[in-house]
1. Could you check, for the stretch 198-220, whether at least one of its residues is more than 15 Å from the ligand (Cβ to nearest atom), in contact with a Ser or Thr (Cβ under 9 Å, 6 or more places away or on another chain) and under 16 Å from Gln78 (Cβ atoms)?
2. I need a count of the residues in the stretch 291-314 that are in contact with a Ser or Thr (Cβ under 9 Å, 6 or more places away or on another chain) and farther than 19 Å from Ser65 by Cβ.
3. When you scan the stretch 225-256, how many residues do you find that are at pLDDT below 95 and out of contact with any helix residue (DSSP H, G or I) (no Cβ under 9 Å at 6 or more places or on another chain)?
4. Of everything in the stretch 47-59, what is in contact with a Gly (Cβ under 9 Å, 6 or more places away or on another chain) and surrounded by fewer than 21 Cβ atoms within 10 Å (Cβ to Cβ)? Give them in sequence order.
5. Considering only residues that are in a loop (DSSP other than H, G, I, E, B), at negative phi and not acidic (Asp, Glu), which ones fall in the stretch 16-63?
6. Please determine whether any residue of the stretch 73-88 is crowded, with 24+ Cβ neighbours inside 10 Å and closer than 17 Å to Lys240 by Cβ.
7. Taking the condition assigned to a strand (DSSP E or B) and surrounded by fewer than 23 Cβ atoms within 10 Å (Cβ to Cβ), does Ala220 pass?
8. Taking the condition under 21 Å from Tyr303 (Cα atoms) and among the acidic types (Asp, Glu), does Glu23 pass?
Amino acid sequence: MNFELTSDQQAFVQTARDFAEKELAPNAASWDAEHHFPVDVIRRAAHLGFCGIYADPDCGGLGLSRLDAALIFEQLSQGCTTTAAYITIHNMCTWMVTRFGNAEQKAQFGDKLTSGEWLASYCLTEPGAGSDAAALKTRAERNGDAYVLNGSKMFISGAGATEILVVMARTTDTSEKGGGAKGISTFIVPANTPGVSFGKNEEKMGWNAQPTRAIIFENARIPASFRIGAEGQGFSFAMKGLDGGRLNIASCSLGTAQAALRAAHRYLQERKQFGKSLAEFQALQFRLADMATELQAARLMVYHAASLLDRGDSDATLHCAMAKRFATDACFSVCNEALQLHGGYGYLRDFPLERMVRDVRVHQILEGTNEIMRLIAARKLLEKSDL
Ligand SMILES: Cc1cc2nc3c(=O)[nH]c(=O)nc-3n(C[C@H](O)[C@H](O)[C@H](O)COP(=O)(O)OP(=O)(O)OC[C@H]3O[C@@H](n4cnc5c(N)ncnc54)[C@H](O)[C@@H]3O)c2cc1C
């Protein structure tokens, strides 16, 4: 067990930190207020390799590990939680295409995705299928050398502004043998395909610097060659993507909580009440100590789960679910405590705390709610005959 960063890791962590400080942090508040999705800045992040962090170098990716990706996302999210979180989703999609796609698909889509020329959305959730994603109803019917898609997706991050949709759709009816999760396939759908349309940009509590929209498929015809893998493999690709996706989102919670902790640490020393700085009150010192402790525990869980995923450990899914649950809960609590330590000023938009609280709240809900993380963890634990 070695807790030191390698010199390579130190270098890309520094690059990500510089990018977050220069390109993200100064704009995060205005992007949030104006609901602006900073596509140009995301493409500048791609110039540093951050749109294909763990994608195959043959497709223009950096070929780094999940632990490396967690370190990078932790830095980016210190600048802007929402932009970093979208970059994580793009990385998840890019990995799915470059990891499970065939040579032709990698050649056609790989470089465009890793270079950020094309941005991607991950399309699993439907109006009637959220936590129970395997109940999805969007259908992809084979028609000669094409598939015809009909159905709708809900809550799709980046939708309306991205070029590529990675869509999970049903190729086998649920009533047929092999329905449910086994009847789902994954497709690369260009967003400009006739028959694909988008709902309104949802009004959200946070994550305002990226759009979230429904997607409607009405006889949207795509070449059969855009199916990734075999029919029926799609749900397993979607879940493999999410194992890493959950750590990515958890890493964005770590970075945001670190920024909130830093702000609280500074504020306690600057603000005076009752003739003393707030930092002199032991009750508040203990709060700071607890925040730092919870954050460090969350960080170690995320790094550990990432290293298990890198090793292909059979317990990786268990640890990814536990780390996502713990880190997103703990980091929301750290951000909320940091707001409280700022008193009334924490509630004002002049300070970043209220935005941080709004932005990390959704990390407890998406990429599998934290109730579903408990369900996965419990299922994996009970599969074992002994602990
Ligand atoms: C801002 C935002 C962005 C998103 N981006 C994407 C995206 O890019 N792509 C995508 O595919 N999806 C995306 N999602 C969807 C997200 O993954 C779902 O919202 C989430 O999986 C929960 O589904 P649901 O909203 O339908 O809630 P439901 O599944 O209806 O759950 C409602 C409540 O019941 C609980 N619950 C459900 N089943 C159980 C159970 N068996 N045991 C205990 N508790 C249970 C849940 O935890 C939750 O508290 C996004 C969501 C949001 C809010």
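The values are calculated or read from the model by the stated rules, or taken from the named source; none is laboratory data. Keep in mind it's a predicted model, so treat the numbers as computed, not measured. Quick reminder, even Gly has a Cβ in these numbers, built from the backbone with ideal geometry, and neighbours come from all protein chains shown.
1. no
2. Residues flagged as in contact with a Ser or Thr (Cβ under 9 Å, 6 or more places away or on another chain) and farther than 19 Å from Ser65 by Cβ within the stretch 291-314 amount to 3.
3. Result for the stretch 225-256: 0.
4. Residues satisfying the conditions are His47, Asp56, Pro57, Asp58.
5. Within the stretch 16-63, His36, Phe37, Pro38, Leu48, Phe50, Cys51, Gly52, Ile53, Tyr54, Ala55, Gly61, Leu62 qualify.
6. yes
7. On the way: assigned to a strand (DSSP E or B): yes; surrounded by fewer than 23 Cβ atoms within 10 Å (Cβ to Cβ): no.
For Ala220, the condition - assigned to a strand (DSSP E or B) and surrounded by fewer than 23 Cβ atoms within 10 Å (Cβ to Cβ) - is not met.
8. Judged against the criteria, Glu23 is not a match.
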